[in-house]
1. Which residues, taken from the stretch 39-60, are open to solvent by 40 Å² or more (accessible area, probe 1.4 Å) and within 21 Å of Ile176 (Cα to Cα)?
2. Counting only residues that are closer than 14 Å to Trp39 by Cα and in contact (Cβ under 8 Å) with a residue 60 or more places away in the chain, which one in the stretch 70-100 is least open to solvent (accessible area, probe 1.4 Å)?
3. Pairs under 9 Å by beta carbon, first residue polar (S, T, N, Q) in the stretch 4-18, partner open to solvent by 100 Å² or more (accessible area, probe 1.4 Å), six or more apart or different chains?
4. Is one or more of the residues making up the stretch 49-66 free of Cβ contacts under 8 Å to residues at least 12 places away in the same chain and at positive phi?
5. Mind checking which pairs have a first residue in the stretch 158-172 that is farther than 16 Å from Gln87 by Cα and a second that is modelled with pLDDT of 80 or more, Cβ under 6 Å, 6 or more apart or different chains?
6. Could you please find all residues in the stretch 142-168 being under 14 Å from Ala90 (Cβ atoms), in a helix (DSSP H, G or I) and open to solvent by 70 Å² or more (accessible area, probe 1.4 Å)?
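The values are calculated or read from the model by the stated rules, or taken from the named source; none is laboratory data. As the structure is a computational prediction, the values presented were derived from the model and not from experiment. So basically every Cβ, Gly included, is an ideal-geometry build from the backbone, and we count neighbours across all protein chains shown. Areas reflect the complete protein model, heavy atoms only, side chains present, ligands, DNA and RNA absent. Shrake-Rupley method; radii C 1.70, N 1.55, O 1.52, S 1.80 Å.
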Amino acid sequence: MTRRTSLSLPPGLPLSEWRHLGRQMYLIADSSAWWLGDWLIYGQTHYPDRYKRAITETSLDYQTLRNYAWIARKFPQSRRRAKLSFQHHAEVAGLPQEEQDTWLTRAELGGWSRNELRGRIRASRNGELAGKDVSLVRMDVVAERKERWQKAAEAAELELQAWIVATLDSAAMEAIDEGDQP
């Protein structure tokens, strides 16, 4: 029996049914991120103030909703890999499309977890900046802000610099996407 805040299972539930139930719940949870992203994209084209309305309807915060929509936009339904999680797609969303497809194919064929995909991308990036035109950006921020960013980076299982770059890329893409809308 399911309720909003609980799941009650019968005594003596066979292992095979317990496992099947876990898989079904995972699929619903993973699919809901895609669904919310697509819902927000639809709202963008049909309704004003979609994020304000979406926050009210879902009780999710603005950044979470923005991330769902950004990733859903990066991966039209035809490019989404059913064998990989939303989080797999999130890991590569900031890359050029060709690289996204390459990494997702590798993850799919290799049966990689999201963390393994992240680690392999990170390992491949070592030395990536060698020989490229690189700019150094310096920011002075108050300690409380840096601590908050550090916590967010740790929650995302990223190094602070990688989290900052990913967050700024996401915000830039969102600003560019919204700037294209009438």
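1. Trp39, Ile41, Tyr42, Thr45, His46, Tyr47, Pro48, Asp49, Lys52, listed by residue number.
2. So the residue we want is Trp70.
3. From residues that are polar (S, T, N, Q), the pairs are Ser8/Met1; Ser8/Thr2.
4. Yes, some residue in the stretch 49-66 is free of Cβ contacts under 8 Å to residues at least 12 places away in the same chain and at positive phi.
5. Leu160/Gln150; Leu160/Ala153; Asp169/Gly94
6. Of the residues in the stretch 142-168, the ones under 14 Å from Ala90 (Cβ atoms) are 155-158, 162-163, 166-167.
Subset that is in a helix (DSSP H, G or I): 155, 162-163, 166-167.
Matches in the stretch 142-168: Ala155 only.
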